[in-house]
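A.B. asks: What follows is a single structure, and I will ask about it in a moment.
The values are calculated or read from the model by the stated rules, or taken from the named source; none is laboratory data. Nothing here was measured: the structure is a model prediction, and the numbers come from that model. With ideal geometry, Cβ positions are generated from the backbone for all residues, glycine too; neighbour counts draw on all protein chains shown.
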Amino acid sequence: MNPTPETLKEKVLSVLKTIYDPEIPVDIFELGLIYDIKVYPPLNNVHILMTLTTPNCPSAEELPGEVQSKVKAISGVGEVDVEITFDPPYSTDMMSEVAKLELGFL
């Protein structure tokens, strides 16, 4: 039985929470780098819209590839497209309370 788009989105979210910015000890989801996750049935292709902390972020080469490969490894996922955007530009306001606590912003 094929997983539902909602189930796959939850799995994608779980995987994204295992990926960390190499310079910040917080996962990319809690940092606010993930803007959107879409799952398109029936092939369960996944589109992830994300940003980086800065346009010249040293992780610019690594993070999108890591996101793509880890999400593609989820059982039931078809193709994975990771789109990088800087609109809106990243700011610390996008961090979750968990991230802000972890980094001492609260």
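A.B. asks: Tell me which residues, restricted to segment 1-26, are touching a residue at least 40 places away in the same chain (Cβ under 8 Å) and either assigned to a loop (DSSP other than H, G, I, E, B) or closer than 21 Å to residue 54 by Cα (or both).
C.D. replies: Once the filter is applied, which keeps residues that are touching a residue at least 40 places away in the same chain (Cβ under 8 Å) and either assigned to a loop (DSSP other than H, G, I, E, B) or closer than 21 Å to residue 54 by Cα (or both), segment 1-26 yields 2, 3, 16, 18, 19, 21, 22, 24, 25, 26.
A.B. asks: Against the definition (more than 16 Å from residue 51 (Cα to Cα), surrounded by 14 or more Cβ atoms within 10 Å (Cβ to Cβ) and touching a helix residue (DSSP H, G or I) at 6+ places or on another chain (Cβ under 8 Å)), how does residue 67 come out, yes or no?
C.D. replies: no
A.B. asks: Looking only at segment 76-106, count every residue that is touching a Lys or Arg at 6+ places or on another chain (Cβ under 6 Å) and surrounded by fewer than 16 Cβ atoms within 10 Å (Cβ to Cβ) and tell me the total.
C.D. replies: Total satisfying the criteria: 1.
A.B. asks: To continue, here is another question. Name the residue, out of 82, 98, that is modelled with pLDDT of 95 or more and not in a loop (DSSP other than H, G, I, E, B).
C.D. replies: 82
A.B. asks: Which numbered condition trips up residue 18, out of (1) touching an Asp or Glu at 6+ places or on another chain (Cβ under 8 Å); (2) over 20 Å from residue 86 (Cα atoms); (3) modelled with pLDDT under 95; (4) among the β-branched types (Val, Ile, Thr)?
C.D. replies: Only one criterion in (1) touching an Asp or Glu at 6+ places or on another chain (Cβ under 8 Å); (2) over 20 Å from residue 86 (Cα atoms); (3) modelled with pLDDT under 95; (4) among the β-branched types (Val, Ile, Thr) is unmet by residue 18, namely (3).
A.B. asks: List the pairs whose first member sits in segment 74-99 and is farther than 17 Å from residue 48 by Cβ, whose second member is assigned to a helix (DSSP H, G or I), and whose Cβ atoms are under 6 Å apart, counting only residues at least 6 apart or on separate chains?
C.D. replies: Here the result reads 95/31; 96/30; 98/30; 99/30; 99/31, each pair linking segment 74-99 to a residue that is assigned to a helix (DSSP H, G or I).
A.B. asks: Could you please find all residues in segment 27-46 being over 10 Å from the mean Cα position of the chain (by Cα) and not in a loop (DSSP other than H, G, I, E, B)?
C.D. replies: The answer is 38, 39, 40, 45, 46.
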